[in-house]
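Participant: Below you'll find the structure I mean.
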Amino acid sequence: MLKGFKVSDIFLDKATNALIVLYATVLPLGFAIANITLGLMFAFFIFYIIIKKPSSKNLIQDINWIILFSVLFLIYALSLFYSENMDVGLNQVYRKSPMLLLTIFVFILRRKIKKNTIFSAMKMYGYSVTFVCITSIILAVYNCYDYKPDILLHCASDQNLASVFISYHKLYLSLYVTIAIFFVVYSVFYGSSKFKLFSINSIQLLVLFITLVLLGGRNSLLVSTLIVIGIPSFYWLKNKKIKNFVFFSSTILILVITSVYFNPKLLEKTKEAFNFGNQYSISKKWGGVAVRKIIWENSYNTFKKNLIIGVGAGDVQDELNKSYEIHAETNALNQGTYNAHNDILQIAITTGVLGIFTYLFSLIYIFYISFNKQNYIHCIFVILFFISGLTESLLERDMGIRVYSFFTILLFIFNTQINENSSNTQ
């Protein structure tokens, strides 16, 4: 029935581009709405395949690229064959399914996706994250209108700020804010918009940075500072505007240092990161760096015991908990569920040497292709996510998986051609 149904190419083009922008917009607005939109995208994809019956001329090449971009989903799925806890394993594989679905949608329909659409997706994502930040701050303040010491303490906490509007973990909201900052800055200097001191872009950056400071994410704040300084500096140095470079870089550094100094929690975390005099050892203070060292040691020990193929997607947390019980210097780790707090370690425990080698090969190869094509926006995004994943297992939760899956494939086609002469991917 559908085969005889005629749909114009113009409609299909507009629908494809509209769905890309829609998904970027709803991505920061919670799991449910993102899931509904992803379902809508895949339904449209099936409709497109039935109606248009795309040529199979480059099918093998397309499949190879889809495998490269969804390799993490595939190796987790294969690990189910030796996982004992199948329920947990299936849940982990289901969480990573957007890697496959989004890759198929974007890559197969890439010739229809316009460069302006990618800029629009970045812009709408930035607006959406800014909306989440503003609303979260307003609700956090509103909840404290009736002053009580315990209520005020709760409302002022970083985790409450992250979850008061949409159920974010503070580190994932920090990640989303960092990506939004990157997109805003890149769009200003390499997109169609121009930077002005009093503009929507300036207000956005101010709101996003204030949110990062309140969340106390030192890693995200460091990455965001490097982005805000690095991209404009490269642009101005390339155009020989040394005064702009010196003034802007100095101003940003002063603002960031001042923000850290006058935020007690963030200042404490910064001191902890350097840990002069070992005053933040696990025996003296329970906190971030000291705890992560213990987690990383136990994660590495678990990996060594299951070196070749790992423990499987379903058994990672069980194996880590066993290691914490035996080797941890404190029993506090046994009171909660702590993953490896590092993307590389997490994947290595799950899939072993074979899995981590496959994942890193795909990541490096994709990065190499982008770098060769001077697709620096994709390269920066990959580096941003890789650095952010050094202290957190970002690819273990839905919010980390979705934002990475969507933008890593979308930015890859930004100005990358794969044996084709389509103006849409120029």
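The values are calculated or read from the model by the stated rules, or taken from the named source; none is laboratory data. Keep in mind it's a predicted model, so treat the numbers as computed, not measured. Cβ sites come from the backbone with ideal geometry, for glycine too, and all protein chains shown count toward neighbours.
Participant: When you scan region 352-390, how many residues do you find that are buried (at least 18 other Cβ atoms within 10 Å of the Cβ) and not in a helix (DSSP H, G or I)?
Facilitator: Number of matching residues: 2.
Participant: Check region 116-133 and report whether any residue there is surrounded by fewer than 19 Cβ atoms within 10 Å (Cβ to Cβ), more than 30 Å from Asp315 (Cβ to Cβ) and not hydroxyl-bearing (Ser, Thr, Tyr).
Facilitator: Yes - at least one qualifying residue is present in region 116-133.
Participant: Here's another thing I want to ask about it. Restricting to region 331-351, give me the number of residues that are part of a helix (DSSP H, G or I) and either modelled with pLDDT of 95 or more or within 23 Å of the chain's Cα centre (by Cα) (or both).
Facilitator: Number of matching residues: 9.
Participant: Looking at region 191-215, which of its residues are surrounded by fewer than 19 Cβ atoms within 10 Å (Cβ to Cβ), hydroxyl-bearing (Ser, Thr, Tyr) and at pLDDT 80 or above?
Facilitator: Ser202, the sole residue that qualifies.
Participant: Look at Ile60 and say whether it is part of a helix (DSSP H, G or I) and modelled with pLDDT of 90 or more.
Facilitator: The answer is no for Ile60.
Participant: Collect the residues in region 103-120 that are of a type in the set (A, V, I, L, M, F, W, C), closer than 24 Å to Ile49 by Cα and assigned to a helix (DSSP H, G or I), keeping them in residue-number order.
Facilitator: Ile104, Phe105, Val106, Phe107, Ile108, Ile118
Participant: Give just the number: which of (1) without any contact (Cβ under 8 Å) to a residue 40 or more places away in the chain; (2) in a helix (DSSP H, G or I) does Thr130 not satisfy?
Facilitator: (1)
Participant: Just a yes or no: is a residue in region 185-197 part of a helix (DSSP H, G or I) and under 16 Å from the mean Cα position of the chain (by Cα)?
Facilitator: no
Participant: Okay, moving on. What's the number of the only condition in (1) at pLDDT 90 or above; (2) buried (at least 18 other Cβ atoms within 10 Å of the Cβ); (3) aliphatic (A, V, I, L, M) that Ala328 fails to meet?
Facilitator: (1)
Participant: Then there's this: Residues to consider are Leu40, Leu27, Leu74; find the one that is of a type in the set (A, V, I, L, M), in contact (Cβ under 8 Å) with a residue 40 or more places away in the chain and over 13 Å from Val106 (Cα atoms).
Facilitator: Leu27
Participant: Name, by its number, the condition in (1) of a type outside the set (A, V, I, L, M); (2) at pLDDT 95 or above; (3) not in a helix (DSSP H, G or I) that does not hold for Tyr145.
Facilitator: Just one mismatch for Tyr145, condition (2).
Participant: What pairs come out if I take residues in region 309-333 that are under 15 Å from Lys293 (Cα atoms) and pair them with residues that are modelled with pLDDT of 90 or more and β-branched (Val, Ile, Thr) whose C-beta lies under 7 Å away, six or more apart or interchain?
Facilitator: Short answer, once both residue conditions are applied: Leu320/Thr302; Ser323/Thr302.
Participant: May I ask you to list the residues in region 392-402 that are in a loop (DSSP other than H, G, I, E, B) and surrounded by fewer than 20 Cβ atoms within 10 Å (Cβ to Cβ)? Outline the logic, then answer.
Facilitator: Filtering region 392-402 for residues in a loop (DSSP other than H, G, I, E, B) gives 392-393, 397.
Residue satisfying the conditions is Arg397 alone.
Participant: Right, here's the next one. Cβ-Cβ under 7 Å, sequence separation 6+ or interchain: first residue in region 281-302 and within 13 Å of Thr391 (Cβ to Cβ), partner in a helix (DSSP H, G or I) and modelled with pLDDT of 85 or more. Which pairs?
Facilitator: The qualifying pairs are Trp296/Leu345; Ser299/Leu320; Ser299/Leu345; Ser299/Ile349.
Participant: Name the single residue that is farthest from Phe407 (Cα to Cα) among those in region 166-184 being in a helix (DSSP H, G or I), out of contact with any Ser or Thr (no Cβ under 6 Å at 6 or more places or on another chain) and among the hydroxyl-bearing types (Ser, Thr, Tyr).
Facilitator: Filtering first and then ranking leaves Tyr172.
Participant: A further question follows. Would you confirm whether or not region 45-64 contains a residue that is in contact with a Ser or Thr (Cβ under 6 Å, 6 or more places away or on another chain), within 25 Å of Tyr359 (Cα to Cα) and not β-branched (Val, Ile, Thr)?
Facilitator: For region 45-64, residues in contact with a Ser or Thr (Cβ under 6 Å, 6 or more places away or on another chain), within 25 Å of Tyr359 (Cα to Cα) and not β-branched (Val, Ile, Thr): absent.
Participant: Before we move on, is Phe245 closer than 21 Å to Ile380 by Cα, modelled with pLDDT of 70 or more and crowded, with 16+ Cβ neighbours inside 10 Å?
Facilitator: Answer is no for this residue.
Participant: Right, Leu100: assigned to a helix (DSSP H, G or I), among the hydrophobic types (A, V, I, L, M, F, W, C) and either surrounded by fewer than 18 Cβ atoms within 10 Å (Cβ to Cβ) or out of contact with any helix residue (DSSP H, G or I) (no Cβ under 6 Å at 6 or more places or on another chain) (or both) or not?
Facilitator: Details: assigned to a helix (DSSP H, G or I): yes; among the hydrophobic types (A, V, I, L, M, F, W, C): yes; either surrounded by fewer than 18 Cβ atoms within 10 Å (Cβ to Cβ) or out of contact with any helix residue (DSSP H, G or I) (no Cβ under 6 Å at 6 or more places or on another chain) (or both): no.
Judged against the criteria, Leu100 is not a match.
Participant: Out of everything in region 85-97 that is among the polar types (S, T, N, Q) and in a helix (DSSP H, G or I), what residue ends up being nearest to Ile20 (Cα to Cα)?
Facilitator: Of region 85-97, the ones among the polar types (S, T, N, Q) are 85, 91-92, 97.
When the remaining residues are screened for being in a helix (DSSP H, G or I), the result is 91-92, 97.
Values: Asn91: 26, Gln92: 25, Ser97: 18 Å.
Of everything passing the filter in region 85-97, Ser97 is nearest to Ile20 (Cα to Cα).
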